[in-house]
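Input: a single structure, listed below in structure tokens.
The values are calculated or read from the model by the stated rules, or taken from the named source; none is laboratory data. Remember, it's a predicted structure, so these values are computed and weren't measured experimentally. Using ideal geometry, Cβ is built from the backbone for each residue, glycine included, and neighbour counts are taken over all protein chains shown.
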């Protein structure tokens with residue numbers, strides 16, 4: 001049947017997300033900054049949803065940050081990605097889920113390029129064979145890890161211990177959703193809801209009981225800009241763009257921010273600290289800032305996982321005010337403990353924002 | 001039209017990123033870099049589509065092509081399906097392959113990116129490998145980063161990572177055979193050649209500037225003349 005009219009338009013905003021058997025590729029940024037988020041993702045997949053996810057020790061970085069910092073040529077990047085596809089093929093998987101948005105965007109770009117330029121695909125096959133002896137199949141489905149959590153959001157909500165409801169007021173928590181630029185700005189049809197109305201995080205937040213905050217700079221970049229952050233001399237670009245977002249969202253009084261890109265939560269979290277140090281401005285309540293979560297952490301919180309198992313202690317902006325609003329039971333004194341309760345000391349408070357609350 | 005443009009036009013990023021720019025400026029309106037720098041992606045598209053080698057050469061030597069953050073917001077909004085961000089990737093590639101990049105302050109920064117991100121990929125299989133990369137170079141990482149650096153392995157273990165160990169997991173030690181395959185891919189596909197060119201042209205420039213290697217890298221990492229900041 002031919003799909004016409006509004007149904008056809010709406011179809012462009014839908015996305016097919018498989019329900020099982022995923023080959024997982026990790027994110028360089030998430031592994032360094034939020035390793036607990038990836039641990040939590042796999043825990044939810046396996047323990048809550050009973051989904052088969054394979055985590056291959058032999059996969060590597062996709063080189064995406066190198067590609068967008070322009071030191072790694074496209075032919076190199078696409079062949080490294082082809083190697084990841086080869087590992088997936090060898091293990092008998094057809095669905096790939098990157099943890100990283102830069103990877104997701106890059107894999108999408110590579111697949112689109114191969115589709116439009118078959119000679120480039122042939123080149124990738126030749127390069128990979130020559131360098132590694134491997135061959136590969138193109139994935140039947142490429143979804144971001146946040147797409148999979150989105151798909152199972154109702155099931156997660158059914159199993160949830162907590163709702164995103166402010167226990168003091170009984171009202172839904174007000175959540176800013178921030179989508180990584182490379183999720184759908186390059187290839188809108190590849191993201192849930194497209195580039196203008198991405199629904200991937202909104203759907204999660206609404207299913208978990210929260211309310212989405214709309215604000216003018218909702219779709220603007222967190223400020224990473226690859227070389228713009230990585231080189232100290234350029235970092236004004238990053239902090240200026242981060243500040244633009246916070247100045248825009250702050251009047252709407254969000255209780256927290258949730259992100260699907262691994263880099264954005266780092267910039268939105270550390271950015272608030274840097275702006276406080278530079279300008280003396282603290283967003284949110286003016287005291288502790290606006291807590292920033294990854295989508296895995298958000299799902300982990302509602303499922304009732306220990307906040308220190310999912311990694312909320314590695315955020316600069318303290319999460320305790322948010323946990324208290326939700327009514328999460330947790331042990332404040334265990335925040336900075338290592339395995340077996342080993343004492344790892346505590347971070348220093350910054351000038352204006354406390355790292356933890358006694 | 002010119003030999004330089006013809007060479008540049010072989011880059012798939014230019015083929016995909018430039019169709020026919022109507023100079024509407026929508027890309028500039030949406031661009032995070034244009035909000036911070038005196039930077040105009042519309043002009044980049046316009047100059048390149050004129051195929052005038054002289055103007056393109058000026059671009060390759062300029063600070064301008066290094067201001068884009070490759071967020072690709074321009075791709076979503078262009079009514080003619082151009083992507084100035086892709087044109088930028090083509091120009092930056094060309095600038096590095098032919099040595100123009102050392103003629104601008106921002107272009108010279110490529111050596112730092114190659115020595116960090118590039119080396120981390122080859123040595124460890126990760127774009128970022130941040131144990132020991134502290135708040136001296138990244139003060140905005142905050143007090144929590146100092147605590148994490150002091151307790152890097154312990155916090156990795158606490159959060160279920162598999163830091164520097166064999167087997168699957170976050171920050172695992174990627175097997176040597178896998179790293180060897182990645183290095184071979186870099187060799188076969190021109191990645192290693194790109195790295196060698198960045199090193200060679202940077203060494204020449206360092207010598208011209210009368211700087212030792214270490215001084216040069218520090219200089220490019222920190223110098224910001226702010227000439228185009230808004």
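The figures follow:
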quantity	calculated
Residues located in segment A:264-292, provided they are in contact with a helix residue (DSSP H, G or I) (Cβ under 6 Å, 6 or more places away or on another chain) and at the interface with chain B (Cβ under 10 Å from one of its Cβ atoms)	A:266, A:267, A:270, A:271, A:273, A:274, A:275
Number of the exception - residue A:20 against (1) touching a helix residue (DSSP H, G or I) at 6+ places or on another chain (Cβ under 7 Å); (2) within 22 Å of residue A:200 (Cβ to Cβ); (3) more than 8 Å from chain B (Cβ to nearest Cβ)	(1)
All helices (runs of 4 or more DSSP H) inside segment B:176-230 with 2 or more residues being more than 13 Å from chain A (Cβ to nearest Cβ) and over 17 Å from the mean Cα position of the chain (by Cα)	B:191-208, B:213-222
Some residue of segment A:49-64 being at pLDDT 95 or above, in a helix (DSSP H, G or I), under 21 Å from residue A:87 (Cα atoms) and within 9 Å of another protein chain (Cβ to nearest Cβ)	yes
Residue match in segment A:285-292 (condition: surrounded by fewer than 24 Cβ atoms within 10 Å (Cβ to Cβ), in contact with a strand residue (DSSP E or B) (Cβ under 8 Å, 6 or more places away or on another chain) and at pLDDT 95 or above)	yes
Unmet criterion (only one of (1) surrounded by fewer than 22 Cβ atoms within 10 Å (Cβ to Cβ); (2) closer than 29 Å to residue B:70 by Cα; (3) more than 7 Å from every other protein chain (Cβ to nearest Cβ)) for residue A:75	(3)
Selection status of residue A:119, surrounded by fewer than 22 Cβ atoms within 10 Å (Cβ to Cβ), more than 8 Å from chain B (Cβ to nearest Cβ) and within 18 Å of residue B:11 (Cβ to Cβ)	yes
Given (1) closer than 30 Å to residue A:230 by Cα; (2) assigned to a helix (DSSP H, G or I); (3) within 12 Å of chain B (Cβ to nearest Cβ), index of the condition residue A:146 fails	(3)
Residue A:94 vs. criteria surrounded by fewer than 24 Cβ atoms within 10 Å (Cβ to Cβ), more than 20 Å from residue A:261 (Cα to Cα) and touching a helix residue (DSSP H, G or I) at 6+ places or on another chain (Cβ under 9 Å)	yes
Failed criterion for residue A:327 (all others in (1) in contact (Cβ under 8 Å) with a residue 40 or more places away in the chain; (2) buried (at least 18 other Cβ atoms within 10 Å of the Cβ); (3) closer than 20 Å to residue A:171 by Cα hold)	(2)
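Here's the yes/no breakdown for (1) surrounded by fewer than 20 Cβ atoms within 10 Å (Cβ to Cβ); (2) closer than 22 Å to residue A:62 by Cα:
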{"site": "B:102", "(1), (2)": "no, no"}
{"site": "B:113", "(1), (2)": "no, yes"}
{"site": "B:117", "(1), (2)": "no, yes"}
{"site": "B:125", "(1), (2)": "no, yes"}
{"site": "B:137", "(1), (2)": "yes, no"}
{"site": "B:140", "(1), (2)": "no, no"}
{"site": "B:151", "(1), (2)": "yes, no"}
{"site": "B:157", "(1), (2)": "yes, no"}
{"site": "B:173", "(1), (2)": "yes, yes"}
